[in-house]
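Novice: What follows is a single structure, and I will ask about it in a moment.
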Amino acid sequence: MKKRILFVAGALSLSLALAGCTTNPYTGEREAGKAGIGAGLGAALGAGVGVLSSSKKDRGKGALIGAAAGAALGGGAGYYMDVQETKLRQKMQGTGVSVTREGDNIVLNMPNNVTFDTDASNLKPAGANTLSGVAMVLKEYEKTAVNVIGYTDSSGARAHNMTLSQQRADSVASALITQGVSAARIRTSGAGPDNPIASNSTAEGKAQNRRVEITLSPLQ
């Protein structure tokens, strides 16, 4: 009986992990979602704790109880970010803004041609409209920190680029706050030409480097 219950607990862990798999809309491949992985690992660990903390007679029951509790805890933050990522992808379709996942973080890359005119820090109408969609999701999912970083290409004086990138990050943050996102959640910084994502030796590469990145992280 005990082996049967432990087998069920293990099957629960596996099924939760598989249930968290999603299809990447860009590659068409199945990927393991953070929620499923977290829930599966949580269930496995919970089952182990349940066995160790129960009497010999009740170890099977303890494994199932521990697996259920572990799944709930393990899937929490991952599930929260998974659902938020899905909604952001829906909102950002057709805007030119990319949505990528880095661990439990979600990164929105807003190219300069979407958000700002050359050497300016005032948002374009298209950029403001895009940020209204971001704000809608952020207001629904309040347990995330928002880090806004502005970037430039390598052209011009570094001091000017550092100032401009900070001003652009501040403009994005101000737009989010105006749309109802709490200012306490938001941090901004300007990185100028640092951390390029493409070569600054070509016009195409420079265009990619001129961007604002919004990184969303689960609050601890």
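The values are calculated or read from the model by the stated rules, or taken from the named source; none is laboratory data. These figures come from a predicted structure and were not determined experimentally. Reconstructed Cβ throughout: ideal geometry from the backbone, glycine too, with neighbour counts over all protein chains shown.
Novice: If a residue has to be over 15 Å from the mean Cα position of the chain (by Cα) and among the basic types (Lys, Arg) to count, how many in the range 117-144 make the cut?
Specialist: The total comes to 1.
Novice: Checking the condition at pLDDT 95 or above, more than 19 Å from ALA183 (Cα to Cα), among the polar types (S, T, N, Q) and assigned by TED's automatic domain parsing to the domain that holds ALA198, which residue from THR100, THR118 passes?
Specialist: THR100
Novice: Restricting attention to the range 73-93, and to residues there that are at pLDDT below 90 and hydrophobic (A, V, I, L, M, F, W, C), which single residue is surrounded by the most Cβ atoms within 10 Å (Cβ to Cβ)?
Specialist: ALA77
Novice: While we're looking at this one, here's another question. Just a yes or no: is a residue in the range 152-163 assigned by TED's automatic domain parsing to the domain that holds THR202, within 18 Å of ASN209 (Cα to Cα), among the aliphatic types (A, V, I, L, M) and surrounded by 23 or more Cβ atoms within 10 Å (Cβ to Cβ)?
Specialist: No, the range 152-163 has no match at all.
Novice: Something else about it: Across the range 117-156, what is the number of residues that are in contact (Cβ under 8 Å) with a residue 24 or more places away in the chain and of a type in the set (Lys, Arg)?
Specialist: Within the range 117-156, residues that are in contact (Cβ under 8 Å) with a residue 24 or more places away in the chain and of a type in the set (Lys, Arg) number 2.
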